[in-house]
1. Quick one: A149 ticks every box in (1) in a helix (DSSP H, G or I); (2) crowded, with 17+ Cβ neighbours inside 10 Å; (3) of a type outside the set (S, T, N, Q) except a single one, so which number is it?
2. Taking the condition modelled with pLDDT of 85 or more and not β-branched (V, I, T), does L44 pass?
3. Which condition does F138 not pass, out of (1) within 16 Å of A47 (Cβ to Cβ); (2) of a type in the set (A, V, I, L, M, F, W, C); (3) part of a loop (DSSP other than H, G, I, E, B), if it passes all the others?
4. When only residues in the stretch 83-111 that are without any contact (Cβ under 8 Å) to a residue 60 or more places away in the chain and buried (at least 20 other Cβ atoms within 10 Å of the Cβ) count, which is farthest from A37 (Cα to Cα)?
5. Somewhere in the stretch 142-152, is a residue out of contact with any Cys (no Cβ under 7 Å at 6 or more places or on another chain), within 22 Å of P19 (Cα to Cα), free of Cβ contacts under 8 Å to residues at least 40 places away in the same chain and outside the structural domain of L55 (by TED's automatic domain parsing)?
6. Which of the residues that make up the stretch 48-65 are of a type in the set (A, V, I, L, M, F, W, C) and surrounded by 12 or more Cβ atoms within 10 Å (Cβ to Cβ)?
7. Does F112 count as hydrophobic (A, V, I, L, M, F, W, C) and part of a loop (DSSP other than H, G, I, E, B)?
8. What number of residues within the stretch 160-189 are under 16 Å from I26 (Cα atoms) and among the basic types (K, R)?
Amino acid sequence: MKAILWSILKIACFLLIVPLLAAFVIAFQNRILSLPAHQSACLLWGAGVYVAANLFIYDFKKAHDLGKNLVEKMTAFFKPAAYVVPAYALVAILIYVVAVALGRGSAIQPYFLFVLGFAFTMHLVLTAHEIYGSDNSFFKSEYLIIFPAVFMASLIIMSLLLAMLLREYSFVGFFKSLASHAAHFYQSFYRFLFVDS
């Protein structure tokens, strides 16, 4: 009985953060779509190709596990880092930084953004699968709490990395959009529950 009540409480907490999750997705999407068309297209193509490849060709689980294990070894002091730090996206960023230092940044930028979109999407999808598979509860209540936190932290990290690498990407703009959408969604939620009823 206690486990069921705990699961119900977790599900209720998840429902309370759904507007915040939606605000994160919209804010990140808006920042990506505000990039120059060639940059946003490369990122989106990378994400789309990963999804298609995952569905029809290969699940990339072994590759993801390898990257996750590397992050775990490098950040043994902070265990959740393996869930929020996209390992292959960091490798792509290191290669891109070296290319920029050698004066080849603009030449490889489309390929870098494609790989970045691919790697970040792989990180989110396979982390979601892993957390979901490790939750043995009937209602998957652990998953409903843990993955949204991982998802939001990953978007913040990715936004910070993009802001450092692309002058067209605004980290401040991401947070302003996030705050604006979150406030709007929670106000609408409050009006729906308490004012308009």
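The values are calculated or read from the model by the stated rules, or taken from the named source; none is laboratory data. Here the structure is a predicted model, which is why all the values come from computation and not from measurement. Using ideal geometry, Cβ is built from the backbone for each residue, glycine included, and neighbour counts are taken over all protein chains shown.
1. (2)
2. Details: modelled with pLDDT of 85 or more: yes; not β-branched (V, I, T): yes.
Judged against the criteria, L44 is a match.
3. Exception for F138: condition (1).
4. Among those residues, the one meeting the criterion is A87.
5. No, every residue in the stretch 142-152 fails to be out of contact with any Cys (no Cβ under 7 Å at 6 or more places or on another chain), within 22 Å of P19 (Cα to Cα), free of Cβ contacts under 8 Å to residues at least 40 places away in the same chain and outside the structural domain of L55 (by TED's automatic domain parsing).
6. Within the stretch 48-65, the first condition is being of a type in the set (A, V, I, L, M, F, W, C), and the residues that meet it are 49, 51-53, 55-57, 60, 63.
Result: V49, V51, A53, F60, A63.
7. Numbers: hydrophobic (A, V, I, L, M, F, W, C): yes; part of a loop (DSSP other than H, G, I, E, B): no.
No, not satisfied.
8. Here the count works out to 1.
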